[in-house]
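Worksheet: one structure, shown below.
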Amino acid sequence: MRECHQAIAQWVDSLGAQVRIDAAGNFRAVYPAAVSNAPRLLIGSHLDTVPNAGVYDGILGVVLAVALLEELRGCRLPFAIEVVGFSEEEGVRFRAPFIGSRALVGRLDQELLDVRDSRGVSVRRAIEEFGLNPREISQAELQSNALGYLEFHIEQGPVLEKLNRPLAAVEAIAGQSRLSLTFFGRANHAGTTPMRLRYDAIAGAAQWISIVERLAQEVSGLVATVGTIEAKPGATNVIAAEARLTLDIRHSSDEIREHAVEDLLRQAQRITAGRGLSVRESTLMSQPAVAMDSFLVQEIEQAIVKAGCPPHRMLSGAGHDAMIMAEKVPSAMIFLRTPGGISHDPAESVAEDDVEKAIACGMHLLDQLACSPDFYKRTHRA
Ligand code: HGY
Ligand code: MN
Ligand code: MN
């Protein structure tokens, strides 16, 4: 992350932007406006990613923000532009996503600072180890002069490729719940324990996982993923005493998502009761679906057309920092087509032509917002 900050700082330094790393580890660079004390528009995305990832998820949105500053060729707008590179969006290390953007909306609270990673290192300690001061986190918060937040991001799915659209305006971001469930059984010898006398935690978890998949297949628009599973003691010839897994479940309707979570937790209770097992669950996150700012969505759509692309609006199944930033400032996203619909994998890619169109779209958008009286009426929500 430090090397990443240094690389981006080099790019923006020559453009006259003021760089700082805030107390949540976010990269912040302000490109001044034509006048002093001007309001500011934030453009950015996250710099962290997932294990064995591609090289565009998150970082592309920060690189595109820098590309827009370069395209301005020294021209100053009526508003400043703040490039933001969020420190932690994916939730991989601490199983709690959006740590960086939550700092900007004042929600990086003590509870979150106390969350520990698999080695027992807390968020607070990780911030200190990075050389930052957690007591200064409040200084990372958005100021009241923030006009809005824009995020360029790869779609990470197959929709735009199927429609042969390079770009899209995101209308809303699906809500998501992330839970941890641990199934408890009883360890025993794999060779001597008859099948009818077993309390097999992995077998119970496996039965539940098949129900998770079946429910998501049956409910339109619902996606559910068990992405991690750990067994204890974790030996070939030992019946598992524990199976710890995570559930990621999403839908554009909060009601459908929450109902699905309740249903699956009931199913886990039923399965474990029937097998003489027990189960403990904890909710890691419950993030409501978030609509993007309708004024900005409209402006983005116009800019997409001016960039020579057919307009398209869509839902984002992936979560993004924009859903957190929307709590405080009007926020919106521009999606770039993802060839093969592949993401969170080294095969993730973008077409250079689409990136070029995204930069053209971004420049039209800046031009539109600079001349839009309505844009300045947008205010930061306290
Ligand atoms: O998991 C997601 O929705 C995104 O990649 N953070
Ligand atoms: Mn991601
Ligand atoms: Mn992302």
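The values are calculated or read from the model by the stated rules, or taken from the named source; none is laboratory data. Keep in mind that this is a model prediction, so the values were computed, not measured. Methodologically, a virtual Cβ is constructed for each residue, glycine included, from the backbone with ideal geometry; neighbour enumeration extends over all protein chains shown. Remember, those area values only see protein heavy atoms, side chains included, never the ligands or the DNA or RNA. Shrake-Rupley method; radii C 1.70, N 1.55, O 1.52, S 1.80 Å.
Search region 264-282 for residues being closer than 14 Å to Leu181 by Cβ and out of contact with any strand residue (DSSP E or B) (no Cβ under 9 Å at 6 or more places or on another chain), and hand back the single one that is surrounded by the fewest Cβ atoms within 10 Å (Cβ to Cβ).
Arg266
Quick one: is Ile324 part of a helix (DSSP H, G or I), of a type outside the set (Asp, Glu), in the same structural domain as Leu160 (by TED's automatic domain parsing) and within 16 Å of the chain's Cα centre (by Cα)?
When the stated conditions are applied, Ile324 passes them.
Here is a list: Ile202, Ile239, Ile209. Which entry is without any contact (Cβ under 8 Å) to a residue 40 or more places away in the chain and more than 30 Å from Asp354 (Cα to Cα)?
Exactly one residue qualifies, and that residue is Ile209.
Being basic (Lys, Arg) and crowded, with 16+ Cβ neighbours inside 10 Å is the requirement here; does Arg40 meet it?
When the stated conditions are applied, Arg40 passes them.
Kindly indicate whether any position in region 62-76 is open to solvent by 60 Å² or more (accessible area, probe 1.4 Å), touching a Phe, Trp or Tyr at 6+ places or on another chain (Cβ under 9 Å) and under 24 Å from Gln143 (Cα atoms).
yes
For Ala351, are the conditions met, namely being touching a Ser or Thr at 6+ places or on another chain (Cβ under 9 Å), closer than 19 Å to Val63 by Cβ, among the small types (Gly, Ala, Ser) and in the same structural domain as Leu64 (by TED's automatic domain parsing)? Before the answer, list the steps.
Details: touching a Ser or Thr at 6+ places or on another chain (Cβ under 9 Å): no; closer than 19 Å to Val63 by Cβ: yes; among the small types (Gly, Ala, Ser): yes; in the same structural domain as Leu64 (by TED's automatic domain parsing): yes.
It is false that Ala351 is touching a Ser or Thr at 6+ places or on another chain (Cβ under 9 Å), closer than 19 Å to Val63 by Cβ, among the small types (Gly, Ala, Ser) and in the same structural domain as Leu64 (by TED's automatic domain parsing).
Can you tell me which residues in region 25-51 are within 16 Å of ligand 2 (Cβ to nearest atom) and among the polar types (S, T, N, Q)?
Ser45, Thr49, listed by residue number.
Among all residue pairs at least 6 apart or on different chains, which show Cβ distances below 7 Å where the first residue, located in region 23-48, is farther than 11 Å from Phe79 by Cβ and the second is within 16 Å of ligand 2 (Cβ to nearest atom) and of a type in the set (Ser, Thr, Tyr)?
Partner pairs satisfying both residue conditions: Ala24/Ser87; Gly25/Ser87; Asn26/Ser87; Leu47/Ser87; Asp48/Ser87.
Looking at region 96-113, can you tell me whether even one residue there is surrounded by 15 or more Cβ atoms within 10 Å (Cβ to Cβ) and over 20 Å from the mean Cα position of the chain (by Cα)?
No.
Are any of the residues in region 179-198 of a type outside the set (Ser, Thr, Tyr) and touching a Pro at 6+ places or on another chain (Cβ under 8 Å)?
Yes, the conditions are met somewhere in region 179-198.
Can you tell me which residues in region 327-366 are among the charged types (D, E, K, R), open to solvent by 40 Å² or more (accessible area, probe 1.4 Å) and farther than 24 Å from Ala291 by Cα?
Once the filter is applied, which keeps residues that are among the charged types (D, E, K, R), open to solvent by 40 Å² or more (accessible area, probe 1.4 Å) and farther than 24 Å from Ala291 by Cα, region 327-366 yields Asp345, Glu352, Asp353, Glu356, Lys357.
When only residues in region 157-189 that are open to solvent by 40 Å² or more (accessible area, probe 1.4 Å) and in a loop (DSSP other than H, G, I, E, B) count, which is nearest to ligand 2 (Cβ to nearest atom)?
Pro158
Check Val238, Val223, Val212 and return the single one that is touching a strand residue (DSSP E or B) at 6+ places or on another chain (Cβ under 8 Å) and farther than 22 Å from Arg280 by Cβ.
Every option except Val223 fails the conditions.
Out of Gly74, Gly91, Gly100, report the one residue that is assigned by TED's automatic domain parsing to the domain that holds Ile154 and not in a loop (DSSP other than H, G, I, E, B).
Numbers: Gly74 fails: not in a loop (DSSP other than H, G, I, E, B); Gly91 fails: not in a loop (DSSP other than H, G, I, E, B).
Matching residue, one of Gly74, Gly91, Gly100: Gly100.
Filter region 311-326 down to residues that are open to solvent by less than 10 Å² (accessible area, probe 1.4 Å) and farther than 9 Å from Ile173 by Cα and give me whichever is nearest to ligand 2 (Cβ to nearest atom).
Going through the qualifying residues, I end up with Asp321.
Determine whether Gly308 is open to solvent by 30 Å² or more (accessible area, probe 1.4 Å) and in a loop (DSSP other than H, G, I, E, B).
So Gly308 fits the description; yes.
Just for region 93-131: of the residues that are in contact (Cβ under 8 Å) with a residue 12 or more places away in the chain and in contact with a strand residue (DSSP E or B) (Cβ under 7 Å, 6 or more places away or on another chain), which one is farthest from Ile324 (Cα to Cα)?
Across region 93-131, the extreme among qualifying residues is Arg116.
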